[in-house]
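Working notes for the structure below.
The values are calculated or read from the model by the stated rules, or taken from the named source; none is laboratory data. Remember, predicted model here, so these are calculated numbers, not experimental data. All Cβ positions, glycine included, derive from the backbone under ideal geometry; neighbour counts span all protein chains shown. The area values use the complete protein model at the heavy-atom level, side chains included, leaving out ligands, DNA and RNA. Shrake-Rupley method; radii C 1.70, N 1.55, O 1.52, S 1.80 Å.
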Amino acid sequence: MRNATVTRKTAETDISVTIELDGSGSYDNQTGVGFFDHMLDQLARHSLVDMTIRAKGDYHIDDHHTVEDVGIALGQALNEALGDKRGIRRYGSCLLPMDDALVRTALDLSARPYLVWNVELPTAKIGSFDTELVREFFQAFATHGGITLHVDALHGLNSHHIAEAAFKSVARALREAVDTDPRKADAVPSTKGTL
């Protein structure tokens, strides 16, 4: 079973993340940040990665540390669950429409973290959620998950739609990348022999 549990406790946050890569997309995410929980639920559902997240943060300051630290812990859990990455497809991509929004994602589980983020969110907030935190989450997730991640919003008028399309697009690309390649289930997908 490809699963992992990561806990992260700092002076700012207390986080627990459990994932199962070969899941059905079930989720139970409670971070104390409503819109973020909704996005994490989308990430689990559309990647088919079972996900349970508990987070407590310094909400009296803002949601920044909570969102960023969940990204860190989730990236670490993904990396741990993948192990030596033997048998994975490694690459994934998705072009995802959601009403006015169209978001393209391409990713590589390369162990070479890099984020290219071409996503403009037209408003500063979605409800009480700071929209700049969407990028912060994916930066932390990519860095600590060892992911080369490119996300491009090609169209979009509504911040909620664009953000949700980004999470769903990353989820679908991740689903493809972590999937087992039946033609090379015993091999690491690299000519170097390691990732």
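Just wondering, is there one or more residues in region 31-43 that are farther than 19 Å from residue 149 by Cα, open to solvent by 10 Å² or more (accessible area, probe 1.4 Å), in contact with a Leu (Cβ under 8 Å, 6 or more places away or on another chain) and not basic (Lys, Arg)?
Scanning region 31-43 turns up no residue that is farther than 19 Å from residue 149 by Cα, open to solvent by 10 Å² or more (accessible area, probe 1.4 Å), in contact with a Leu (Cβ under 8 Å, 6 or more places away or on another chain) and not basic (Lys, Arg).
Which of (1) open to solvent by 10 Å² or more (accessible area, probe 1.4 Å); (2) part of a strand (DSSP E or B); (3) within 20 Å of residue 110 (Cβ to Cβ) is the odd one out, the single condition residue 151 does not satisfy?
With respect to (1) open to solvent by 10 Å² or more (accessible area, probe 1.4 Å); (2) part of a strand (DSSP E or B); (3) within 20 Å of residue 110 (Cβ to Cβ), residue 151 is out only on (1).
To keep it simple, each residue is scored yes or no on (1) in contact (Cβ under 8 Å) with a residue 60 or more places away in the chain; (2) small (Gly, Ala, Ser).
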position	(1), (2)
81	yes, yes
101	yes, yes
105	yes, no
122	no, no
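Consider region 129-149. How many of its residues are touching a residue at least 40 places away in the same chain (Cβ under 8 Å) and under 15 Å from residue 33 (Cβ atoms)?
The qualifying residues number 7.
Considering each of 190, 169 in turn, give the residue that is part of a loop (DSSP other than H, G, I, E, B), touching a residue at least 40 places away in the same chain (Cβ under 8 Å) and either of a type in the set (Val, Ile, Thr) or open to solvent by less than 70 Å² (accessible area, probe 1.4 Å) (or both).
Values: 169 fails: part of a loop (DSSP other than H, G, I, E, B).
It is 190.
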